[in-house]
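Trainee: Have a look at this one before I ask anything.
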Amino acid sequence: MATRFVIIGGGPAGNQAATHAARLGAQVTLVERDVVGGAAHLWDCIPSKTMIATGGAMAFTRRIAGMGLGEVDATLDVEAQRKRIAEIENHLNHSITELLVSQNVRIVRGTGRLAGPHEVVVEGEDGDEQLPADAILISTGSRPRVPDWAKPDGSRVLTTREAYPPPDFPEHLVVIGSGVTGVEFVHMFSSFGSQVTLIVSRQQVLPSKDAEVAAALEDELLRRGVRLLKGARAEAIDRGAGEVVVRCDDGRVARGSHALLAVGSIPNSEGLGLEEAAVRTGPGGYIPINHHCQSNVPHIYAAGDVSGKLPLSSVAAMQGRKIAEHVMGLHTREHRHLDYEKAASAIFTEPEIADVGLGEAEAFATGRKLRVTKVPYAANAKALINDDSRGFVKILSDPATGVVLGGSIVGRHAAELISVIALAVTANLKVDDIVESVLVHPTLSEALADAAE
């Protein structure tokens, strides 16, 4: 009898696990209560990147004179933007659903929970359904974190999921949280012409990133007129007539027309019946996993945001693929584990930011010897042709062997270019392998070879 594989949650981890396991011969059932494709993916990632693309186009028109063209006064059509986001979401949802159906994956609509170690119960519109399972994947995602002192109203005080775009477009947006999500929203709304104040709880934006990268982004934000409140931690939001007032722990206040909470997320691990199957959760409600993405119950897996690993769609999708292989026994053959330290990530600000592998601060903190080489975009012909020479390429390598250990890129198309460094890090390539590649001229990718050299 085919392996019965039940997946709770149809985001990037769930749908990738479903299609891959089905191709390997499993009998797959996917349980989804909201949208196939994942709420965090289709309600967060795709809308935000769609709005960022529009904002980037608008920002480009403001500097178009530098390319020998007349000025263009582009304005935002909010309803057209809302329609465009919906069309993209619907297209992706339809495409993912079609792929699952083509692989004979059964999709069950409803809320899934564990009724025991080998049974999932789905509460749907037509009643409950019991699904026996040989293996189970929990990939239920996450939702925006809302602090006790903040009460979103969907109008003036917003969570990230209420801002694509918000009902009333902000004249002055106060963004609380300077991590990846926060700075993307700052970039997005400042591109649209909103005034923006960013509350930074530490002394730099992107506290987990390379200091040089963070400084480059801060310079751009300041150039745009963004107000940065550094070393301030928000602790209250007051609503007044037509304004919000965000109060910080050091006495400073930020006034605006709207406030946006970008202070992280929490896993959707409640109500799953985890105790019925003896699945343990860790701090914050995440489900701890091993290198096979197994929970403490070996045939019950967790992936995506609920697993507490890197909250990236790309990581979740790869987790799903690895889980499918493990469920079907392929780990007993040649099988490469997912190395979270070699996962590339990007921030879709302007300029874009991307990194992969070992960080400079991390290496120095551990006393590891490192060779750091950097080339500015200003030295690249294509960057000059594009009239956008902001940024740089930085490559970190082992001084003894030349093996590429990591890298950071700040600048146009950084999210695409980092793929070359990510491949080098994953495959243990050397800087000479990048240098010896004959690349197209003129392209931004030439900066990679220049930095490697």
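Trainee: Need pairs with beta-carbon distance below 7 Å; first residue at positive phi and free of Cβ contacts under 8 Å to residues at least 60 places away in the same chain and within region 80-109, second open to solvent by 80 Å² or more (accessible area, probe 1.4 Å) and of a type in the set (Asp, Glu); sequence gap 6+ or separate chains.
Mentor: That search, which allows pairs on different chains as well, returns nothing.
Trainee: Starting from region 349-378, keep only residues that are assigned to a helix (DSSP H, G or I), then list their pairs with residues that are β-branched (Val, Ile, Thr) whose Cβ atoms are within a distance under 9 Å, requiring at least 6 positions of separation or different chains.
Mentor: Within 9 Å, the pairs are Glu360/Val372; Ala363/Val372; Tyr377/Val393; Tyr377/Val410.
Trainee: Filter region 117-138 down to residues that are among the small types (Gly, Ala, Ser) and either outside any loop (DSSP other than H, G, I, E, B) or open to solvent by 30 Å² or more (accessible area, probe 1.4 Å) (or both) and give me whichever is nearest to Ile8 (Cα to Cα).
Mentor: The first filter runs over region 117-138 and keeps only residues among the small types (Gly, Ala, Ser), leaving 124, 127, 133, 135.
This time we only want the ones that are either outside any loop (DSSP other than H, G, I, E, B) or open to solvent by 30 Å² or more (accessible area, probe 1.4 Å) (or both), so: 124, 127, 135.
Numbers: Gly124: 13, Gly127: 17, Ala135: 11 Å.
Taking the candidates together, the pick is Ala135.
Trainee: Counting only residues that are part of a helix (DSSP H, G or I) and among the hydroxyl-bearing types (Ser, Thr, Tyr), which one in region 271-317 is least open to solvent (accessible area, probe 1.4 Å)? It would help to see each step written out before you state the result.
Mentor: Taking region 271-317 as the starting set, the residues that turn out to be part of a helix (DSSP H, G or I) are 274-277, 283-285, 304-307, 313-317.
Next cut, among the hydroxyl-bearing types (Ser, Thr, Tyr) only: 307, 313-314.
On the way: Ser307: 8, Ser313: 43, Ser314: 74 Å².
In this case the residue turns out to be Ser307.
Trainee: Among the numbered conditions (1) open to solvent by 50 Å² or more (accessible area, probe 1.4 Å); (2) within 21 Å of the chain's Cα centre (by Cα), tell me where Val213 comes up short.
Mentor: Failed condition: (1).
Trainee: Within region 242-270, take every residue that is small (Gly, Ala, Ser) and within 25 Å of the chain's Cα centre (by Cα) and give me the one that is surrounded by the fewest Cβ atoms within 10 Å (Cβ to Cβ). Walk me through how you get there before you give the answer.
Mentor: Within region 242-270, the subset small (Gly, Ala, Ser) is 242, 251, 254, 256-257, 259, 262, 264-265, 269.
So of that shortlist, the ones also within 25 Å of the chain's Cα centre (by Cα) come out as 259, 262, 264-265, 269.
Values: Ala259: 28, Ala262: 25, Gly264: 15, Ser265: 19, Ser269: 23.
So the residue we want is Gly264.
Trainee: Which ones in region 176-210 are buried (at least 18 other Cβ atoms within 10 Å of the Cβ), of a type in the set (D, E, K, R) and in a loop (DSSP other than H, G, I, E, B)?
Mentor: If the condition is that a residue be buried (at least 18 other Cβ atoms within 10 Å of the Cβ), of a type in the set (D, E, K, R) and in a loop (DSSP other than H, G, I, E, B), then Lys209, Asp210 are the ones that fit.
Trainee: Looking at (1) under 15 Å from Arg371 (Cα atoms); (2) at pLDDT below 95; (3) open to solvent by 30 Å² or more (accessible area, probe 1.4 Å), which one does Ala452 not meet, given that it meets all the others?
Mentor: Here Ala452 meets the rest and fails (3).
Trainee: If you check Leu444, Leu439, Leu405, which single one turns out to be at pLDDT below 95 and not in a helix (DSSP H, G or I)? Full working, then the answer.
Mentor: Details: Leu444 fails: at pLDDT below 95; Leu405 fails: at pLDDT below 95.
Being at pLDDT below 95 and not in a helix (DSSP H, G or I) holds for just one of Leu444, Leu439, Leu405, which is Leu439.
Trainee: Shifting gears a bit: Within region 72-112, can you find the residues that are part of a helix (DSSP H, G or I) and polar (S, T, N, Q)?
Mentor: From region 72-112, those part of a helix (DSSP H, G or I) are 78-102; that's our starting set.
Passing the criteria: Gln81, Asn90, Asn93, Ser95, Thr97, Ser102.
Trainee: If a residue has to be part of a helix (DSSP H, G or I) and in contact (Cβ under 8 Å) with a residue 60 or more places away in the chain to count, how many in region 58-71 make the cut?
Mentor: Here is the first cut: in region 58-71, the ones part of a helix (DSSP H, G or I) are 58-62, 64-67.
Filter once more, so that each one left must be in contact (Cβ under 8 Å) with a residue 60 or more places away in the chain: 58-59, 66-67.
Number of matching residues: 4.
Trainee: To continue, here is another question. Go through (1) crowded, with 17+ Cβ neighbours inside 10 Å; (2) in contact with a helix residue (DSSP H, G or I) (Cβ under 8 Å, 6 or more places away or on another chain); (3) among the charged types (D, E, K, R) and name the single condition Arg84 misses.
Mentor: With respect to (1) crowded, with 17+ Cβ neighbours inside 10 Å; (2) in contact with a helix residue (DSSP H, G or I) (Cβ under 8 Å, 6 or more places away or on another chain); (3) among the charged types (D, E, K, R), Arg84 is out only on (1).
Trainee: Do we find a residue being closer than 27 Å to Thr160 by Cβ, outside any strand (DSSP E or B) and under 25 Å from the mean Cα position of the chain (by Cα) anywhere in region 22-32?
Mentor: The first filter runs over region 22-32 and keeps only residues closer than 27 Å to Thr160 by Cβ, leaving 30-32.
Next, from what is left, pick out any that are outside any strand (DSSP E or B): none.
The answer is no; no qualifying residue exists.
The values are calculated or read from the model by the stated rules, or taken from the named source; none is laboratory data. Note that the structure is a prediction, hence the values are computed from the model and not measured. Every residue, glycine as well, gets a Cβ built from its backbone with ideal geometry; the counts of neighbours run over all protein chains shown. What goes into the accessible areas is simple: the full protein's heavy atoms, side chains included, and nothing from ligands, DNA or RNA. Shrake-Rupley method; radii C 1.70, N 1.55, O 1.52, S 1.80 Å.
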